[in-house]
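Inspection log for the structure reproduced underneath, given as structure tokens.
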Amino acid sequence: MLHKAHLMGATGGTIFLAEGSLSPRFFRHRQRKLKQLELLMINADDKLNGLLHTMIKSSTNKEQIVAFSIPFKELSQFDSSIIETDKITNHCIITIVDKGKGEKCIEAAISLGARDFLVTHGRGAGVPVDFYFPLAIEPEKEVVIILGSKEKTPLLISKITEELVLEKVGNGIIFSLPVYERTNFTTKENR
């Protein structure tokens with residue numbers, strides 16, 4: 001996908017290793033084993049964004065693909081009207097919690113009908129670091145990315161905040177970003 005995007009004019013992209021489920025079978029059969037996935041982020045203007053979604057829709061290799069666009073340019077200009085537009089039908093909810101708490105976040109989202117999510121891993125910052133001479137131990141984090149409908153986003157945020165007690169300092173953070181366009185594909189065996 002990144003190579004195809006480059007041929008279409010993308011100047012770069014970042015690939016994150018992730019775990020998650022984009023498969024309805026995960027929920028029907030209660031398979032709680034997360035699949036290894038990749039999260040690809042590409043900076044694109046409106047024209048390239050449209051071309052990328054068209055390329056994904058016409059792809060012959062439609063394994064498990066979810067593509068969505070976040071209007072960072074409009075958000076950086078503090079244009080609140082972007083959130084009210086009819087183009088926004090989904091939100092990307094991002095929760096950052098200590099390692100091991102991502103599953104609880106996913107369970108809370110699933111209980112409200114969320115179906116598409118990814119978990120990536122990172123290291124903490126902004127919290128005290130433990131030092132064991134000569135090593136600094138940084139807490140590991142899980143970044144849970146959930147795609148939810150615009151209507152369900154406030155309820156999802158409230159449920160996750162409550163379940164993980166995110167009001168308490170140091171327990172994590174949660175925020176959402178509006179999604180312009182969303183394209184979903186799953187293979188027949190995953191339907």
**Complete:** Those residues of segment 99-122 which are among the aliphatic types (A, V, I, L, M) and in a strand (DSSP E or B) amount to 118, 119
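Kindly indicate which of 145, 157 is aliphatic (A, V, I, L, M), surrounded by 11 or more Cβ atoms within 10 Å (Cβ to Cβ) and either in contact with a Leu (Cβ under 8 Å, 6 or more places away or on another chain) or at pLDDT below 90 (or both).
Answer to the selection: 145.
Just to be sure, is residue 63 of a type in the set (Asp, Glu), surrounded by fewer than 19 Cβ atoms within 10 Å (Cβ to Cβ), at pLDDT below 65 and within 20 Å of residue 15 (Cα to Cα)?
Numbers: of a type in the set (Asp, Glu): yes; surrounded by fewer than 19 Cβ atoms within 10 Å (Cβ to Cβ): yes; at pLDDT below 65: yes; within 20 Å of residue 15 (Cα to Cα): yes.
Here the answer is yes, as residue 63 does meet what is asked.
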**Prompt:** Got a number for residues in segment 5-36 being surrounded by 14 or more Cβ atoms within 10 Å (Cβ to Cβ), modelled with pLDDT of 80 or more and out of contact with any helix residue (DSSP H, G or I) (no Cβ under 8 Å at 6 or more places or on another chain)?
**Reply:** 3
**Prompt:** Of the residues in segment 86-117, how many are of a type in the set (S, T, N, Q) and over 15 Å from residue 68 (Cα atoms)?
**Reply:** 2
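The values are calculated or read from the model by the stated rules, or taken from the named source; none is laboratory data. Please read all numbers here as calculations on a predicted model, not as lab measurements. All Cβ positions, even for glycine, are placed from backbone atoms using ideal geometry, and neighbour counts span all protein chains on display.
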